[in-house]
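Working notes for the structure below.
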Amino acid sequence: MRRRLFGDQDREILRLAVPAFFALVSEPLMLLADSAIVGHLGTPQLAALGVAGTILQTLVGICVFLAYGTTSAVARRIGAGDHKGALAQGIDGLWLALLLGVVLAVLGLALAPQAIGAFDPSPEVVHYAVTYLRISCFGIPSMLLLLAATGVLRGLQDTRTPMVVAITANLANIGLNVLLVYGVHLNIAGSALGTALAQTGAGVALAVVVVRGARRDGAKLRPDRPGILASAQMGVPLIVRTLTLRAAIILLTFVATALGTTSVAAHQVAFTLWSFLALALDAIAIAAQALTGRALGAGDVAGTRAVTRRMMWWGLFSGLIGGLALWGLRAVYVPWFTSDPDVRRTLAAVLIVAALWQPVNGVVFVLDGVLIGAGDGRYLAMAGVVALVLYVPLALAVLWAGGGIVALWWAFGGYMLLRFLTLTMRERRESWLVTGATR
């Protein structure tokens, strides 16, 4: 009985998901460390970090396809027994990341003042923000290289190495920031330089691991134009999918801001907690990408179905646990975030709604990972556009009808339900179950 409740599939899911979770958590912790260090320099510097950091996160977030697409492609070849081909595919992903990173870095350096100016900050904030963004641009190629190398290792069923590198980079980032900001007195430029150096070290470290593996298996290391173009083409639907998610979140924040100070304050805390819980669900989704790609590469449709259903249960269970914690412990943690009684009451009400949707979120994240692992990017892009188009009037109706922040979070829950419906409909069909080393 014990074996049936917690079997080999569960152990394999946990083997991939747990290290992935700690690697994912390291990123927001790095941002928190930067904020804490820069925050003691002054309010203009902290505001500048917020503006420049938002631009950087958006650029890197759009390029997350470098990790997701590479995971799927490499895992398929691993499942098909083509280890050399898997690493060759990974090398193509690294070259694409490096080329794209250089292009974005050059654009960032040239357009930094215009990008910062679009947020209309004060002149003092503009100066610090442009400085931070321009220095950080030198780290963009390494950041994208890190994404692609992480994707390769996930496809190789290794999430432990990226975790170790991510934690090491986080510690290095803290040390470098403190040294350069307060020891060398470089002000906010020291924070940008320290973070860029830490991320460069992480990107190079993982790239070296991939290159060593490629050399060991005799895979090519030179740029392969058809392979790079294929990797880029594969990433386009995933970019569309990512943009629809970003647009939904931006709209959520826009309407919350329009509802007033109390509403946007409550929303900020609620969304921060929602995002943290999403990291746990995203870790299962990463396991889903790797396991689905491998199973389909091996031609194992029945195994793909079995592991998909198991991971859906994991997503549902994780969402349920997260929702219960969000709901049941709100009286304990809400006072940590604010002393304003109106914000506390509003936040407590919003968290009830957020908690109720967590099981739905769990299944959505898992199926997102399954279909990414299957290389079903076109459907994900289409489903993302459909969900966004239907969600926009829901969110705007809250504003037009004079609804409150609680109603807005019900609307956001409706968006997640739309994603749930489109993804579960796809999972029940056969068209995404394409087997073989390539899709």
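The values are calculated or read from the model by the stated rules, or taken from the named source; none is laboratory data. Being a predicted model, the structure only gives us computed values, none of them experimental. All Cβ positions, even for glycine, are placed from backbone atoms using ideal geometry, and neighbour counts span all protein chains on display. Note: accessible area is taken over every heavy atom of the protein model, side chains too, but ligands, DNA and RNA are not part of it. Shrake-Rupley method; radii C 1.70, N 1.55, O 1.52, S 1.80 Å.
Is it true that residue 89 is polar (S, T, N, Q) and without any contact (Cβ under 8 Å) to a residue 60 or more places away in the chain?
On the way: polar (S, T, N, Q): yes; without any contact (Cβ under 8 Å) to a residue 60 or more places away in the chain: no.
The answer is no for residue 89.
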*How many residues are surrounded by 24 or more Cβ atoms within 10 Å (Cβ to Cβ), among the aliphatic types (A, V, I, L, M) and out of contact with any Asp or Glu (no Cβ under 7 Å at 6 or more places or on another chain) when one looks only at the stretch 85-99?*
5
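Residue-wise test of (1) under 21 Å from residue 344 (Cβ atoms); (2) surrounded by fewer than 20 Cβ atoms within 10 Å (Cβ to Cβ); (3) at pLDDT below 90.
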residue: 249; (1), (2), (3): no, yes, yes
residue: 258; (1), (2), (3): no, yes, yes
residue: 266; (1), (2), (3): yes, no, yes
residue: 270; (1), (2), (3): yes, no, yes
residue: 273; (1), (2), (3): yes, no, yes
residue: 299; (1), (2), (3): no, yes, no
residue: 304; (1), (2), (3): no, no, no
residue: 309; (1), (2), (3): no, yes, no
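Go through the stretch 132-159 and give me each residue that's under 20 Å from residue 59 (Cα atoms) and open to solvent by 40 Å² or more (accessible area, probe 1.4 Å). Talk me through it step by step, then tell me what you get.
Step one: filter the stretch 132-159 for residues under 20 Å from residue 59 (Cα atoms), giving 132-151.
Within the stretch 132-159, 134, 135, 138, 146 meet the criteria.
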_Just to be sure I understand, how many residues within the stretch 366-401 are farther than 28 Å from residue 436 by Cβ, small (Gly, Ala, Ser) and in contact (Cβ under 8 Å) with a residue 12 or more places away in the chain?_
3
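From the list 378, 439, pick out the single residue that is assigned to a loop (DSSP other than H, G, I, E, B), more than 26 Å from residue 323 (Cβ to Cβ) and among the charged types (D, E, K, R).
Numbers: 378 fails: assigned to a loop (DSSP other than H, G, I, E, B).
From the options 378, 439, the qualifying one is 439.
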_Test: residue in the stretch 160-173 that is open to solvent by less than 40 Å² (accessible area, probe 1.4 Å), in contact (Cβ under 8 Å) with a residue 60 or more places away in the chain and outside any helix (DSSP H, G or I)_ = no
*Mind checking which residues of the stretch 352-362 are of a type in the set (A, V, I, L, M, F, W, C), within 14 Å of residue 417 (Cβ to Cβ) and open to solvent by less than 10 Å² (accessible area, probe 1.4 Å)?*
353, 354
*asked:* Restricting to the stretch 104-126, give me the number of residues that are free of Cβ contacts under 8 Å to residues at least 60 places away in the same chain, open to solvent by 80 Å² or more (accessible area, probe 1.4 Å) and assigned to a helix (DSSP H, G or I).
replied: 5
*Check 241, 222, 212 and return the single one that is among the charged types (D, E, K, R), open to solvent by 50 Å² or more (accessible area, probe 1.4 Å) and modelled with pLDDT of 90 or more.*
212
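Just checking, which of 3, 15 is of a type in the set (D, E, K, R) and at pLDDT 80 or above? Working first, answer last.
Values: 3 fails: at pLDDT 80 or above.
Residue meeting the stated conditions: 15.
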_Among the residues in the stretch 63-81, are any within 25 Å of residue 217 (Cα to Cα) and surrounded by fewer than 21 Cβ atoms within 10 Å (Cβ to Cβ)?_
yes
